[in-house]
Structures are given as C-alpha cells and as structure tokens.
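See structure below.
The values are calculated or read from the model by the stated rules, or taken from the named source; none is laboratory data. These numbers were taken from a predicted model, which means no experiment stands behind them. FYI the Cβ positions are ideal-geometry reconstructions off the backbone, even for glycines, and counts take in every protein chain you see. All accessible areas refer to the heavy atoms of the entire protein, side chains included, with ligands and DNA or RNA removed. Shrake-Rupley method; radii C 1.70, N 1.55, O 1.52, S 1.80 Å.
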Amino acid sequence: MYVAVKGGERAIDAAHAWLAEERRGDLSVDELSTRQIEEQLTLAVNRVMAEGSLYDRELAALAIKQSRGDLIEAIFLIRAYRTTLPRFGSSRPVDTGEMACIRRISATFKDAPGGQVLGPTFDYTHRLLDFKLLAEGDVAPAPVAQATPGPVPHITEFLNKDGLIEDQPHDDTQPNDLTREPLELPADRALRLQALTRGDEGFVLGMAYSTQRGYGRTHAFVGELRIGLCPVSLDIPELGFAIELGEVELTECETVNQFKGSKTEPPQFTRGYGLVFGQSERKAISMSLVDRALRWRELGEDNVGAPAQDAEFVLYHCDNIQATGFLEHIKLPHYVDFQAELELIRRLRAEATANATANATATALASTDMNEAAE
Amino acid sequence: MSAQTHPASGQIAQGQIAPIHTDQAYNFAYLDEETKRMIRRALLKGLAVPGYQVPFASREMPMPYGWGTGGVQVTAACLTPDDVLKVIDQGADDTTNAVSIRKFFQRTAGVATTEQTTVATVIQTRHRIPETDLSEGQILVYQVPIPEPLRFLEPRETETRKMHSLEEYGLMHVRLYEDIARHGQIATSYAYPVKVEGRYVMDPSPIPKFDNPKLSQNAAIQLFGAGREQRIYALPPYTDVVSLDFEDHPFQASKADHACDLCGSNTAYLDEVIIDDAGGRMFVCSDTDYCSTRRAQGHVGRLGTAQEHVA
C-alpha cells in the first residue's frame, strides 16, 4: 500500500510547535532574557546588527533568542523585518573623527595624537578556558581613566599631509542604495562597501585572508582601527537644521597599503576602508583588505585573476542570506525535475546498452568471418 | 489510506474556498505599496519586452531566498482582494512549500484560495505548468531560481547581459550540439531553453521539458520572478515560444511511458513513486487537481478504485 506525502499543512504546524519547544529547552532552566543577550552576548548582537543592516540591539537580541543562537537565521529575521520599515530620510554622513573611542590602535605609528587605547579587546588574552565562569563568578571592576574629550584625528591624515597617501577628495554624490535598487555592475566603491559591510563575516574574512596569502596581494598595514560611539543626525526640512537622533557604535578600519605606482599614479600609499556597526573588528579589518583588493582597476594595477579582485564574484556571493537560502532550497522537493532526469538517464542507458550489444554482435561476426577467412 | 487517495491531495476540499483570517499588522499582501509599484513597473517592462530579464530591487521576504521569494513578490504585486489564489509546487497543492506560501498570502492578503486550476485567477507555481489549459484573465507566476539561461555556459552576469543584447546565442547551440554528439540527443530534461518571439533566449524555470509546449500561445499571462537574482521576466498572452532544437533533432516533450495509476490519464506528466521495499513503482499525475478532477469524472487507473460520481 502506498503511504503518501500527505498532510503537509499538519506536518508544518507540528514541526513549528516542536521547534518552539526545542528553542525553550529544559523548562527547569531559567529562560534567557533578551536583556541578558544584549548585555552578555554583545558581539553576537553586533554581528546580527551589522549583517542584518539594522541598528537595534533589542531586536537583534530577540532575533538571536528566536533563532536559538543561529546567527545567520537571526540576521535573516532582522533583514525580513527591516525590509518592511518605512523610510523617513537619510541621515547626514557620520563623522568618525568625532567618535568617542573606546578603542583606538595604530599598527603604523608607535604613538599619535589622541594616543593608543587598547579598550575591551580579546587581543593578548590567553585563550584558556576560564572555569571560574562555570560558577558565574562576579567580575572585579576595571580601572577607570579620565576620558580625553574632543575630536580624535585620523592617523592616515598625517600621511596625507605629506602627500604620501592617496588623497580621497570629498564627494557628496548620493550613493546608490543596495536595498532599494538592484545590484548592477560595474559597482562603484560606495556600493561595494555597502555590500561588504553587510556581507557574511566568514566570507569577507576568507576573501581578505586569501589576499594576505598572495591571491591579489595588497600588503596591508592597519593604519588605524577605532571603535566607539558616533552621533547620527538628520536634516529636518521643516526646521531648517539637523537634529541629533542618537548614537551608533561603529568599528572603523583604515589600512595603509603599499603601492609602487602605476602608469597613472605615482608611488604612494593607498587606502582600504572598513566600517561596520558595533564592535566588529575582524569584519572591519577584513572589509578594508577586500575593499583595497577590489580597487585594482582604478589604481591601474594588474588583475591577477584573484577571487578578491573580482567584484562580480565577491559582491554576488558575500550575502549570507542569499547564499543560505539558495543552498538550503535544495531540501525542497525536486521530484518533477528528478523524474525528467530519471527518464533521460533510462533512455540514454537503454541506447548505450543497445549500441554495446550491437557492437558486440558485429565484432563477433567480424571475428567469425576472419576465422573463416584464415581457415 | 488506500491507493485511491492521491499522494498529495490537499486539505482544502475541491471547489470550496478557504476561510479568511488576515494579519492586520502588515500591508495587503505584505509588501508596501511603493515596493509593489516598483515590481509592477518591472512586470510591465517585462511584458513589453517578452523574455527580457528586467532587474528589480528584490526585497528580503520572510521566507528564504531560493524558496520562491521572486514568485511571492510577483504574486504580491499582482494580487487584488478579489483574486482567488492557487499555489502549487511540483504540480501539487499539498507539498510543504506550496502550503507555506499559500498560508502566507491567506495571512497577509486574506485572499480566497483554491486548488482548482479553472477557478484560480492567480496561480503561483514551482516546476510545473498545470495540465488544464489556462484561460484569458488568469496569471501564472513562476518561481525562478536561476533566470539566466546562459549562466552555466558563462558565469558572469556582465557577459551574459552583453550576449543577450547582441543576440549572441551561438554558445547555447554549441552546447545542445555537444549533447547530441555525446549522447545522440539533447540531454536537457528540465529548464529547457526557449526562444521568445524570435528574440530572447529564456529560461522557462525548472519545469520539465514536457511542459515547454504549454508556454507558447498560452492564453494566460505568464510572469517569472527570481528574487535572489533580482530579475523579472514575462510572456504576454499568445506569445510565440519555441524550444531550441535542430532540424534533424527536433524538440520532443517527454514523460514517463505510462498511464496514471489513479486516473488512467495517458497525457499527463507523471511522478514515479516507490511503493514497497522490493522497489515496486506506481505512476501518478504530478498535477493533483487534474488527477482528482478526472477521478471525480469517473476515470479509474490501474491501481485506483472507482469514485462516486460528483454531480
């Protein structure tokens, strides 16, 4: 008797109920609050905000809770929510020079105006499991230093004063919006940076790493990496001036890259740029390396065929929501197409077998003829 | 359950229209009006240039890319409150993803749904064209994974767009010729490329090539949505659509060489189902509405049992 694929609707409802139960886990264990996620899984929240392209800690925490900690699933929830939001306008460009830095380091200068601030970093921690955390021990308060108010100059600007680094002229052109217009190639730098900042951290990291290993090498130094809060303001036409809406935490990375000069450009340092929501250092550094690699054409460099130089390859594959959706769709039924393939392969095999039999008969006949001839 | 129950017959009774519970938290059919307008513009352009892939700013939908987001956006842009929607996947109304998409529109648009091809005004489909002829005024929306028929010959979008604009389709014919040289026939069984009105080579989405003839001179509007790839294309009613072939190797629509074991149809596309541990097979219509309609009319296949005639 044939047991069929019936009751899809009931199966879906039951699966969702089971999922909800699994998400909650053991009922004798306290439920995780979104506030706890916001406060204690901050870097996960940051990643969801960055790749979800929506700066909202509470919603990101909710998405992480709902997705059982699957960050790509959480990013997907945020993206699907974000797409329904109305747009009131565009903020003024944030001035990262005004950033209240919690971390600011340069790998190119030992010190610089504004100083180096290590901040809350995993760097230099020994990666030893801290078994004390199993017992949820309290944390001793960290020492506090006096904040230095005022703008913090960008370190690359010191190089710019000597003309040692390429100048990036101020440009007020309204950039295209990746979320409102289809991606069309060639994409300008603003669009590439948009795609990279919401691109999958793992993918962008892999691309950046490949340039370090020689696939489109760009010899990057971290000129400056800074993390902190930046004010966001919006021009209100009715008021005739901009008002501050709030602050966003940003990670900005500027790389200084060797450049021997080309037919069009004199030898000078060049720039790679990364800017990501939240404390997302790995992503910001990766982004700036890939940004620099993608600039080969405007700088007159050779295309050595490296993946990270290929804008079409990078931009079409960096979005994890697109990638995971298409990858996972092969779980869906394909039996109509598979049936067509079954018919085809049966027909091809039948013909191949028939040909083989015919050939064998012909060969046998030929050898009989030859034997007869020899006799 | 006996063999006379179709493997994927739905829970919505034939001819009935499902009840309506709309989610008021979202705009009609989920998308905001501006987005729907943008999609309609792309659809109109697609209809004006049949077979041409129109870029559109695809939105993130609450279902994953690759699961019909293109089709869902096109359907959302087409739906009006009076529409009657049918959703099929693999020809069946009851496959899980068809159920999920139908539920989505019940929830966000509150439109009536049906399983009957003849009653529906909008049909969203994945991988099949219904067996029953469509009529004027109906819209068939296809979910498209890879809209570019040349993609597996040339991975770069920048190149394939150039090839389309120059009508440079030699590469496709070379591929089909290589199939013939190697296998004695064109070894493409689904997503079989077509030429539209003698101009654009188009991917008909992964329908089996059995369905290709139905693309041509169809009375319904056929719309194709590829969400992840951000492309829309279209066939207005009564468009000429020709499956690519050679004079000495003409296109052949093929299907399993059987009759439906439930309704006895000799002409419908069939699914093959393994029914026992010994690998026994049965063949049933992939189009569940077509099959159950025939059985209601008294047709009985090899493993089917007669149904009471529904007046």
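Taking segment A:3-74 as the region of interest, the helices (runs of 4 or more DSSP H) fully inside it that hold 1 or more residues being surrounded by 12 or more Cβ atoms within 10 Å (Cβ to Cβ) and within 14 Å of chain B (Cβ to nearest Cβ) are A:8-24, A:42-52, A:57-66. Pull up segment B:258-293, narrow it to residues that are among the β-branched types (Val, Ile, Thr) and within 10 Å of chain A (Cβ to nearest Cβ), then point me to the one that is nearest to B:Pro130 (Cα to Cα). Ranking the candidates gives B:Val284 first.
A:Val222 fulfils the conditions (1) over 18 Å from the mean Cα position of the chain (by Cα); (2) within 13 Å of chain B (Cβ to nearest Cβ); (3) β-branched (Val, Ile, Thr) except for a single criterion, (2).
Candidates in segment B:101-133 are the residues that are in contact (Cβ under 8 Å) with a residue 40 or more places away in the chain, part of a loop (DSSP other than H, G, I, E, B) and of a type in the set (Gly, Ala, Ser); of these, the one that is farthest from the other protein chains (Cβ to nearest Cβ) is B:Gly110.
Of the residues in segment A:313-346, how many are of a type in the set (Asp, Glu), facing chain B (nearest Cβ under 7 Å) and assigned to a loop (DSSP other than H, G, I, E, B)? Qualifying residue count for the region: 0.
Considering segment B:183-209, and only residues there that are within 20 Å of B:Gly170 (Cβ to Cβ) and aromatic (Phe, Trp, Tyr), the residue that is most open to solvent (accessible area, probe 1.4 Å) turns out to be B:Tyr200. Restricting attention to segment B:245-280, report how many residues are hydrophobic (A, V, I, L, M, F, W, C) and open to solvent by 30 Å² or more (accessible area, probe 1.4 Å). Matching residues across segment B:245-280 total 7. Does B:Ile20 satisfy being exposed (fewer than 15 other Cβ atoms within 10 Å of the Cβ), modelled with pLDDT under 55 and assigned to a loop (DSSP other than H, G, I, E, B)? Taking the combined requirement at face value, the residue satisfies it.
Put simply, of A:Thr83, A:Thr96 the only residue that is in contact with a strand residue (DSSP E or B) (Cβ under 8 Å, 6 or more places away or on another chain), among the hydroxyl-bearing types (Ser, Thr, Tyr) and in contact (Cβ under 8 Å) with a residue 40 or more places away in the chain is A:Thr96. Filter segment B:191-216 for residues that are closer than 16 Å to B:Val141 by Cα, assigned by TED's automatic domain parsing to the domain that holds B:Leu134 and out of contact with any strand residue (DSSP E or B) (no Cβ under 7 Å at 6 or more places or on another chain) and give the result. Selection gives B:Asp203, B:Asp211, B:Lys214. Would you mind stating whether A:Gln66 is of a type in the set (S, T, N, Q) and under 25 Å from A:Val256 (Cα atoms)? Considered against the rule, which asks whether it is of a type in the set (S, T, N, Q) and under 25 Å from A:Val256 (Cα atoms), A:Gln66 comes out as no.
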